[in-house]
Every structure is written in C-alpha cells, then in structure tokens.
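In what follows, a structure is listed as structure tokens, so that the remarks can point back to it.
Please treat every number below as a calculation from the coordinates, not as lab data. Please read all numbers here as calculations on a predicted model, not as lab measurements. Reconstructed Cβ throughout: ideal geometry from the backbone, glycine too, with neighbour counts over all protein chains shown.
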Amino acid sequence: MAVAKVAACRQCRREREKLFLKGQRCFSDKCVLEKKPYAPGQKSKRRTVETEYYIQLREKQKAKKYYGVLEKQFSNYYKKAVQKKGVTGEVLLQLLETRLDNAVYMMGFATSRAQSKQLISHGHILVDGKKVDIPSYQLKEGNQVSVAPGSREITPVLEARSSGSTITIPEWLEVDLDALEGKVLKIPDREEIKVPINEQIIVELYSK
C-alpha cells in the first residue's frame, strides 16, 4: 500500500489549501491552515516566482496528495486516461474518483482517505460481497460496497458513523449509513466530481 511519508498537515500547508487528509480535524478550528496559512519552512514567506511549469507541477502534486497516490501510480493513471475515449483530464479524475479507497471515504465509512486505505488493506471492506484488500481497486457502475459484518463495531467505523454529518455524499453514489452499504450508481461526470483540482493544467504538464 502506498503511504505518503510527509505529515498530512504539512501537505496542506504546502498547497495552501485544505486537502482533507486528517478527517474531522480539517473541519474544525484545529486545522493547521487556520493558524499557519503559508507553506512550511524558513523561506516559506518569501515571494515565489510562479512560472507556468511551477503552477502545473503544484497542481499535479495537489491531486496526488488529495487522492493519496504516489508519482508512479499517478503517471499510470494518466497513461490509462490517454488511452480511453473522452476528455483526458476528465477521465483521469474519474479513474481517481472511482478508486475503492476514495469511494469508501466518500460513502462515510471512514473519516479520511488514509483511514479508508487502512480499512481496505486489513480486509474490512467488501465489494459485491467479496473481500477486497486493494485500496486502488477500480470500481465500476453497479458495484456494491459494504463494511464486512464482523467489522461494523470497530473504532474507525464507529467514529466515521458518528461524524457522518460532515460528509456530502456525491450523486453518483447511493449510501445506507445505517446498514454500512453503498452502491456505485454510475461513473461520475465532471460536474459531479467536487475536487479543488484543475485537471487541464495537469494534462498540459504531461503533454510537454
């Protein structure tokens, strides 16, 4: 399982934007950006010359951090997006959005994508009734996602259920939080993917 070794709050500070990597903390006044809305490091407050390449690179880094994928994984997603029909940037986001770890988080079964990865890796999540322990598993239209019966009382799941009010379930998912079950109704359209990412800038970077 890919794990980012940089502290979650430092990642948000680096992008100067909330990436919602720490669950409930991101929705409270304890969020580090409330106190330190600038990049980490002694030189962080100096003015940075934002070239076209710099802007494109930062957008790619932000997308990687948001979905919790590493460089090689992200590059592979872009290659897949290029090979598929449709607008490359939109297809890229669709591939990232329909990862199992992202769906588990968006369904409200975990308080963060990092916790979602952990639940999946430890065998607590089922897809169509079968255990799947690969966070990057690609969901398809009609897939049923649920928390395993023996895992519904573990602490992370209980915490997620109690904080469900902060989760806005997207239109492409159908969720029963009481039963801890969800379904992929469709592959999301671009307007249904509510992420702070400009995918066209990323496509321009890879197109060079």
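Worth pointing out:
- Remark: for residue pairs 64/131; 85/131; 60/130; 140/208; 60/186, the C-alpha separation exceeds 29 Å in 85/131; 60/130; 140/208.
- Note that the stretch 105-114 has calculated 3J(HN,Hα) couplings of 5, 5, 6, x, 8, 9, 8, 7, 5, 5 Hz, one per residue in order, obtained from phi through the Karplus relation 6.51 cos²θ - 1.76 cosθ + 1.60 (θ = phi - 60°); glycine and proline are x.
- Sites matching trypsin sites (Lys or Arg not before Pro) across the stretch 109-169 that sit in DSSP coil, with at most 16 neighbouring C-beta atoms within 10 Å: 140, 152
- Oblate is the label for the stretch 49-122, because a/c, from the alpha-carbon gyration tensor with a ≥ b ≥ c as root eigenvalues, is 1.5 or above and a/b does not exceed b/c.
- Cut-off 9 Å between beta-carbons: net charge of the residues surrounding residue 135, Lys and Arg +1, Asp and Glu -1: +1
- Note on 132, 69: ascending count of other Cβ atoms within 10 Å places them as 132, 69, the fewest first.
- Farthest positive-ward along the stretch 77-158 dipole, Cα basis, beta-carbon charges - from 96, 134, 78: 78
- Cα-projected label distance for residue 191 with residue 57, points at 7 Å along beta-carbon direction, nm: 3.6
- Partners for residue 194 among aspartates and glutamates (Cα-Cα distance below 14 Å; same-chain residues under 8 apart left out): 90, 97, 171
- Dipole in debye (nearest 20) - the stretch 82-208, about Cα centre, beta carbon charges: Lys, Arg +1; Asp, Glu -1: 400
- In the stretch 158-190, the GluC sites (Glu not before Pro) that fall in loop regions by DSSP, at most 14 other Cβ within 10 Å: 171
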